[in-house]
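Participant: First, the structure itself, so that you have it in front of you.
The values are calculated or read from the model by the stated rules, or taken from the named source; none is laboratory data. Quantities reported herein were computed from a predicted structural model and do not represent experimental measurements. Ideal geometry is used to build each Cβ from the backbone, glycine not excepted, and the neighbour counts take in all protein chains shown. Only protein heavy atoms, including side chains, enter the accessible area calculation; ligands, DNA and RNA are left aside. Shrake-Rupley method; radii C 1.70, N 1.55, O 1.52, S 1.80 Å.
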Amino acid sequence: MTRINRDQLIALAKSQIIEITPQALEQRLGNGSSPLVIDIRERDEFEQGHVPGAVFIPRGFLELRIEQHAYDPATPIVLYCAGGVRSALAARNLQEMGYSRVESLIGGFGGWRSAGLPVTVPRKLTAEQKIRYSRHTLLPDVGEEGQGKLLDAKVLLIGAGGLGSPAALYLAAAGVGTLGIVDYDTVDLSNLQRQILHGESWIGKPKVESAKARLAEINPDVTVVPHREPITSANALQIIQDYDIVLNGSDNFPTRYLVNDACHFLRKPLVDASIFMFEGQVTIYHPGAPEEGISQGPCYRCLYPDPPPPGEVPSCAEAGVLGVLPGIVGSIQAVEAIKLILGKGEPLIGRLLTFDALEMSFRTLNIRRNPACPVCGDAPSLTELIDYEQFCGMPARE
Amino acid sequence: MPTVLIPTPLRRLTANQAKVEVAGDTVDVLLHNLEAGYPGIGERLLDADGKIKRFINVFVNEDEIRTLQGADTPLAAGDRVSIVPAMAGGA
């Protein structure tokens, strides 16, 4: 191999990639054909100001994390660094991964700023936030830095029902900055025995709207993104892609397999739980994040390769559920999501926590990835979403 | 004798008992003895070939039996055998 020096390498990289001027980028940000803008500088550089809407992925983690933000290799991407050199080299690496529409910002963030274009300065806690989150920031494992991570985090809740209610309330109170909620149902009187997000005055109205109003009342720092549609193979990747973590509170097998597969393909951690009568199960299905020291755990299909035949396992609508039960189990999901955001503690990966309210017992069972799993195994046979209603032989409704 | 922890959906087959003591020196023997003592539970756990259904997990103490010796996993007195079925509920 011929030795080339740094200037030759930079020149080579720039000859192999496309560059974009700050003005051209700004125009594209404004006209709805916005590319995915990625700031590849270090955290302290990002925190002092960045291009509005930019995603922060430091250069060292770019290849490891890019799929979480751009699953489709045809996604238009603009990378920038401080001066336009690191991003040119990085763009070349993304091209090697098959990303065909990567550009590098000429002059980097410096060029953007000296062109007089708008800059977002990430939040420092306001005086009010310092009071609101004081019981968090007092905790050495949270602190102002951890609270900042919570405020920057994006969590998607599948369902605003029994599990989604306590999870949403606690995540909003904790200051998780963006909460997406997928639910196309309306509030029913029979929900109020356990779905504590909702109240009498919302009966007959969309759950996502009820949730949004209630969460805004708890914490105005939180942006609630309502997705009032059923989650299906057609929209799941699109919806989930914008979030960091998914909390599963769905009520049927087709949705559970769909969300599992979509999260695995997008490499998103899935904080999963289910409830039945007096009993609950919780675990995290994690595709692995070596850069955070998290190795890959099992997925839902490792544990339950096939769904039960229709009718064999009764639903909560048929068998009933203790109203407090999802309160306990959904709160545990919220704890696990917060731990993942903070990067603290021992996440519930590879362990299935079972809770029996009648016995008042918690047990932790060890679960492992199945090397023959069709989705997350060593030689996966399923690499795209399928028809889950057909797979389960039942509709995605309770 | 090992203790079997019965999940809620199957408790009507064990007269509402959450725990039952069943003899058996392997998981396979224990599950067949469980059916003998509580008729009807076997078909909820095992398929036509006598294999554990794929939406049910069996744990001996804390470990899933596929990571041990499957249905041949040996059992000792005092072992806890947990039956954990897939549950879909969340709303």
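Participant: I need the full set of residues from region A:251-283 which are more than 11 Å from chain B (Cβ to nearest Cβ), open to solvent by 10 Å² or more (accessible area, probe 1.4 Å) and either under 17 Å from A:D183 (Cβ atoms) or in a helix (DSSP H, G or I) (or both), in order please.
Facilitator: A:H264, A:F265
Participant: Let me ask you something else. Within region A:23-40, track down each residue that is over 18 Å from A:G98 (Cβ atoms) and either part of a strand (DSSP E or B) or open to solvent by less than 10 Å² (accessible area, probe 1.4 Å) (or both).
Facilitator: A:L25, A:V37, A:D39, A:I40
Participant: Can you tell me which of A:L353, A:L365 is more than 22 Å from A:T255 (Cβ to Cβ), touching a Lys or Arg at 6+ places or on another chain (Cβ under 9 Å), open to solvent by less than 50 Å² (accessible area, probe 1.4 Å) and of a type outside the set (D, E)? Let's see the steps before the verdict.
Facilitator: Working: A:L353 fails: more than 22 Å from A:T255 (Cβ to Cβ).
Among A:L353, A:L365, only A:L365 is more than 22 Å from A:T255 (Cβ to Cβ), touching a Lys or Arg at 6+ places or on another chain (Cβ under 9 Å), open to solvent by less than 50 Å² (accessible area, probe 1.4 Å) and of a type outside the set (D, E).
Participant: Taking region A:284-301 on its own, how many of its residues are closer than 18 Å to A:F355 by Cβ and either open to solvent by 30 Å² or more (accessible area, probe 1.4 Å) or facing chain B (nearest Cβ under 8 Å) (or both)?
Facilitator: Qualifying residue count for the region: 0.
Participant: Looking only at region B:41-64, decide whether some residue is open to solvent by less than 50 Å² (accessible area, probe 1.4 Å) and touching a residue at least 60 places away in the same chain (Cβ under 8 Å).
Facilitator: No, that holds for no residue.
Participant: I'd like to verify a number: residues in region A:63-85 that are in a helix (DSSP H, G or I) and either surrounded by 20 or more Cβ atoms within 10 Å (Cβ to Cβ) or among the polar types (S, T, N, Q) (or both), how many?
Facilitator: Within region A:63-85, residues that are in a helix (DSSP H, G or I) and either surrounded by 20 or more Cβ atoms within 10 Å (Cβ to Cβ) or among the polar types (S, T, N, Q) (or both) number 2.
Participant: Of all residues in region A:361-370 being without any contact (Cβ under 8 Å) to a residue 24 or more places away in the chain and under 17 Å from B:P85 (Cβ atoms), which is nearest to the other protein chains (Cβ to nearest Cβ)?
Facilitator: A:L365
Participant: Going by the structure shown, is A:L358 in contact (Cβ under 8 Å) with a residue 60 or more places away in the chain, assigned to a strand (DSSP E or B) and farther than 13 Å from A:R301 by Cα?
Facilitator: When the stated conditions are applied, A:L358 does not pass them.
Participant: Quick check on this structure: which one of B:R44, B:R54 is part of a loop (DSSP other than H, G, I, E, B), at the interface with chain A (Cβ under 8 Å from one of its Cβ atoms) and closer than 22 Å to A:V313 by Cβ?
Facilitator: One residue alone meets the criteria, B:R54.
Participant: Among residues belonging to region A:313-353 that are closer than 22 Å to A:D152 by Cα and touching a Gly at 6+ places or on another chain (Cβ under 7 Å), point out the one that is nearest to the other protein chains (Cβ to nearest Cβ).
Facilitator: Per the criteria, the residue is A:G330.
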